[in-house]
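The values are calculated or read from the model by the stated rules, or taken from the named source; none is laboratory data. Here the structure is a predicted model, which means the values were calculated and not measured. Cβ coordinates were reconstructed from backbone atoms using ideal geometry, including for glycine residues, and neighbour counts include every protein chain displayed. Protein only, heavy atoms only, side chains kept; ligands, DNA and RNA dropped before computing areas. Shrake-Rupley method; radii C 1.70, N 1.55, O 1.52, S 1.80 Å.
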Amino acid sequence: RTETEKMLFSLPLAGSAFRKVYFDPNLGRPSSIFVPAEDVVINYGASDLETCERSTHVMRKTSNSIRKMQVNGFYKDIKIPDGSNNTSDINKKYNELTGESSTYNYDDIHTILEMQVDLDLEGFEDTNDKDELTGIAIPYVVTIDYPSGIILSIRRNYFEEDAKKLRRMHFVHYKFLPGLGFYGFGLIHMVGGLAK
């Protein structure tokens, strides 16, 4: 309920909001969380989540949370550099507008990029009924530590028995008003346009 309330409060302001539905290995149960639009990166020209070639969820996780995922076998057990405060230009402007200021990184926060992408991985190529390589890229979820570029996991993102290998959807996109591209328009966009 609290995640839905946060999403509904953010939606009219930002114009787009996302709900991520997934199995959380740390909690051992399905979870549904609110993800703000600035943390979901998709080509602006894409028509929807189902047909876009790549979508990226920018996550912030503590070292302890990452270590739990490594011990559970969800992430590769590999040493990653200490987290740093990598604030993007968008987040800097957003913090300036909301009155937030950057603080010392006590929790050792890591920026993790979780990409839902179509890949043609060597050794895991798509084949037809005659076991011939098709050259078609198929859906995977690739998780990378940013900015080190260390790959934490690569997971299949389709059901094994699915002959069409359709992407499993983890995100639901809510729009306040339809936009000209992928993202929706919010009240801020409308008021800003009127003010000009």
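Students often get this wrong: which residues of the stretch 132-155 have the backbone nitrogen under 17 Å from the point 7 angstrom along Cα-to-C-beta of A163?
132, 134
Could you put R60, R1, R155, R19 in order of accessible surface area, largest first, with the 1.4 Å probe and the full protein assembly present?
R1, R60, R155, R19
For n ≥ 4 DSSP H runs only, could you compute -39500 (n - 2.57) per run for the chain, divide by its residues and tell me the 222 nm figure to the nearest 500?
-6000 deg cm²/dmol
Using only the heavy atoms of the protein chains and a 1.4 Å probe, how would T111, T2, T62 rank by accessible area, largest first?
Working: T111 15, T2 95, T62 50 Å².
Heavy-atom accessible area, descending, gives T2, T62, T111.
With a cut-off of 8 Å between alpha carbons and a minimum separation of six or more residues, what is the relative contact order of the chain in percent? Please report the intermediate quantities before stating the final value.
Working: 328 pairs, mean separation 51.9, N = 196.
Dividing the mean separation by the residue count of the chain yields 26 percent.
Test of understanding: given the chain, find the longest segment containing no chymotrypsin sites (Phe, Trp or Tyr not before Pro) that are in a DSSP loop and have at most 12 other Cβ atoms within 10 Å. Could the numbers behind the result be given before it?
Values: sites that count: Y44, Y104, Y106, F124, F159.
For chymotrypsin sites (Phe, Trp or Tyr not before Pro) (loop position, at most 12 other Cβ atoms within 10 Å), the longest site-free span of the chain is 45-103.
In square angstrom, what is the accessible area per residue of the stretch 119-196 with a 1.4 angstrom probe?
Details: 5410 Å² over 78 residues.
Using a 1.4 Å probe on heavy atoms only, each residue of the stretch 119-196 averages 69 Å².
Projecting each Cα onto the charge dipole of the chain (Lys/Arg +1, Asp/Glu -1 at the beta carbon, about the Cα centre), which of G45, Y174, I188 comes out farthest on the positive side?
I188
Extension gain D131-F9, at 0.36 nm per residue separation less the Cα-Cα distance, in nm?
Value of the extension gain: 38.9 nm.
Tell me, what HN-Hα J-couplings in whole Hz come from the Karplus equation 6.51 cos²θ - 1.76 cosθ + 1.60 at θ = phi - 60° for each residue of the stretch 175-186, using x for Gly and Pro?
10, 6, 9, x, x, 7, x, 5, 7, x, 9, x
Just the accessible area for H57, please: 1.4 Å probe, Å², rounded to the nearest 10?
10 Å²
Where the accessible area of the stretch 140-196 is counted over protein heavy atoms with a 1.4 Å probe, how much of it, in %, is carbon and sulfur?
Answer for the stretch 140-196: carbon and sulfur cover 63 percent of the accessible area.
Whenever you get a sec, line up T4, T56 from highest to lowest accessible area (probe 1.4 Å, protein heavy atoms).
T4, T56
Given a 1.4 angstrom probe, I'd like the percentage of the accessible area of the stretch 1-45 that is carbon and sulfur, rounded to a whole number.
Working: 1570 of 2520 Å².
Carbon and sulfur together cover 62 percent of it.
Cα-Cα over 30 Å: which of K20/K130; K68/K130; K61/K175?
Violating the 30 Å limit, Cα to Cα: K20/K130; K68/K130.
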